[in-house]
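Each reported figure results from applying straightforward, stated rules to the coordinates on display, with no laboratory input. Quantities reported herein were computed from a predicted structural model and do not represent experimental measurements. Ideal geometry is used to build each Cβ from the backbone, glycine not excepted, and the neighbour counts take in all protein chains shown.
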Amino acid sequence: MSLSILTVHAHPDDESSKGPGTINLYASQGIRTTLVCCTGGEAGDILNPAMERQEVKENLASVRRSELDLAAAIIGYDEVVMLGYRDSGMPDSEANEHPDAFANADLDDAVGKLVAVIRRVRPQVVMTYPEVQNRYPHPDHLQVTAISIPAFERAGDPNWYPEAGEPFEPSKLYAPIWSRQRLLLTHEAFLERGLESPYDEKWLSGRDRDDRITAMIPVNNAVRRKALLAHATQVDPESPFWFGLPEDVQDAIHPFEEYMLLRSRVPTDDLEEDLFAGLRGAAGGAD
């Protein structure tokens, strides 16, 4: 049995800000990497002034899909699976009411779709979003967690979704965390260079979640930068938040991606350096 990891994301670009270095690392080891993108990002604003063009606005879904494919290739995903829902938009927006919006999806149907992907690609590790998302409670991000946890729990049970393929039980479910340490180090790097930091009080006064970190994966931060730039409609290359520091400085800051363990069917250490810890020997495939 080969090693496999599956990530579940809400929109095109989420895969580039959450865990891209980890996926790149595992792809380099020959591990199968699958991205499930739940929506097409149709309701996203164009955040890069250079892309404020009529032909982009009229074809935003296809443009964002092309950006996603480019970013996924940079990161190293073997496959991108579109779950087929519409972007629900920000809270209290008109897009929330669209009948095809992911936030309005029948939960059982959406879980069944994800179970079918899990059973086909057979990942030992699944990556989703945290159960508590106070900082950014986007309807689609909340729905990602709402379908990922039951899909993780049901994929190995033959009584659930018998039409969705041969049962397969993933072993670990993780969610990425942006640690306070990363934010502080980045903020300090701006100040040390006499630059205005985009990490204001809203960012720095948030609840410290570092005590929930159960895995720190050493990564190449350049992967995140390059993958984000592939999302030309969503990421402004002049954004100080993402690109306000020299590339070598930004890439050297905290070269780790951190995760909290949400579920595990195998014993785990308090702080792992590998999401496949405890699974590699059992899988008998890529290592």
ask   = Can you give the charge dipole size of the stretch 81-183 about its Cα centre, rounded to the nearest 20 debye, using +1 on the beta carbon of Lys and Arg and -1 on the beta carbon of Asp and Glu?
value = 700 debye
key: Helical contribution to [θ] at 222 nm, DSSP H n ≥ 4, -39,500 (n - 2.57), averaged over the chain, rounded to 500   = -10000 deg cm²/dmol
message = Can you give the log10 of the normalised intensity I(q)/I(0) at q = 0.15, 0.17 Å⁻¹, computed with Debye over equal Cα scatterers of the stretch 1-71?
response = -0.56, -0.68
message = For the stretch 1-135, what does the relative contact order come out to in percent, with C-alpha contacts under 8 Å and a separation of six or more?
response = 33 percent
Gyration tensor verdict on the stretch 17-129 (Cα atoms; rounded if a/c is under 1.5, prolate if a/b is larger than b/c, oblate otherwise) = oblate
message = Please report the antiparallel percentage of DSSP beta bridges with both residues in the chain, rounded to the nearest 5.
response = 35 percent
request  = Normalising by the residue count of the chain, find the relative contact order in percent from Cα pairs under 8 Å and 6+ residues apart.
outcome  = 25 percent
Packing-based order for 255-266, 99-110, using average beta carbon neighbours within 10 Å, highest first = 255-266, 99-110
task = With a cut-off of at most 16 other beta carbons within 10 Å, and DSSP calling the residue loop, which trypsin sites (Lys or Arg not before Pro) in the stretch 37-69 qualify? Please list them.
result = R53
note = Taking 0.36 nm per residue of separation between M90 and Q181 and subtracting their Cα-Cα distance, the length gained on full extension comes to 30.0 nm
task = Quickly rank 26-37, 154-165 as a protection proxy: mean count of other C-beta atoms within 10 Å, highest first.
result = 26-37, 154-165
task = Quick one: among I213, I75, I118, which has the greatest mean-square fluctuation in a GNM of the chain with alpha-carbon springs under 10 angstrom?
result = I213
remark   = Put in order of increasing Cβ neighbours within 10 Å, starting from the fewest, E55, E15 give E55, E15
request  = Under a cut-off of 21 Å between alpha-carbon atoms, report the lysines in cross-link reach of K18, not counting same-chain residues fewer than 8 places apart.
outcome  = K172, K202, K226
remark   = A student applying the Cα gyration tensor rule (rounded when a/c is under 1.5; otherwise prolate if a/b is larger than b/c, oblate if not) would label the stretch 154-287 prolate
note = Here the gain from full extension of E273 to E166, 0.36 nm per residue of separation minus their alpha-carbon distance, amounts to 35.4 nm
note = For the chain, the dipole about the Cα centre with charges only on Cβ (Lys and Arg +1, Asp and Glu -1), to the nearest 20 debye, works out at 640 debye
message = Taking the beta-carbon count within 10 Å as an exposure proxy, list T128, T214 from fewest neighbours to most.
response = T214, T128
task = Going by C-beta contacts inside 10 Å, put V8, V235, V56 in order with the fewest on the left.
result = V56, V235, V8
Gyration tensor verdict on the chain (Cα atoms; rounded if a/c is under 1.5, prolate if a/b is larger than b/c, oblate otherwise) = oblate
request  = Beta carbons within 10 angstrom, averaged per residue: use that to sort the peptides 40-51, 240-251, highest first.
outcome  = 40-51, 240-251
ask   = Using alpha carbon centroids, what distance separates the stretch 137-174 and the stretch 8-41, in Å?
value = 17 Å
note = Rg (one decimal) and Dmax (whole number) from the Cα set of the stretch 204-245, in Å, equal 13.8, 35
